[in-house]
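Every number here is computed from the coordinates shown, using simple stated rules; none is lab data. None of the values given here were measured: they were computed from a predicted structure. Cβ placement follows ideal geometry from the backbone for every residue including glycine, while neighbour counts extend to all protein chains displayed.
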Amino acid sequence: MPYPSDLTDAQWEIVKRAMPPARNGRTGKPRRYPLREMWDAIFYKVKNGCTWRALPHDFPPHSVVWQQYLRWRDNGTLTAARSSRPVAGKTSPRSSREDSSTAISL
């Protein structure tokens, strides 16, 4: 059962586009945990304000999520994903100015 903090399919597509491409077409060793599960764990932590060790056990291990979070923070992936817009130029029905909402909030 998904958590309320899990990414929707549309949000996941936006986040995937913000991630850096593989170097030389290679990603290194095979991933043990899907990237979407890593993002869902990070969003769970942010939304609930829990410690890394308090992540539910159906997410990847907290140490693995923490290390991936540090990599994405340091290489700018978190910033890129945060600044991605789901629909550029979409106007809000309550306002005439451009919608400034982002795809994700960290």
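Given their separation in residues at 0.36 nm each and the Cα-Cα distance between them, D58 and E37 gain 6.6 nm when the chain is fully extended.
Each of W52, W12 was scored by other Cβ atoms within 10 Å of its Cβ. Listed from fewest to most, they are W52, W12. Per-residue extension of 0.36 nm, minus the Cα-Cα distance of C50 and M19, leaves a gain of 8.7 nm for this segment.
Highest mean first, the peptides 70-81, 15-26, 34-45 sorted by other C-beta atoms within 10 Å per residue fall in the order 34-45, 70-81, 15-26.
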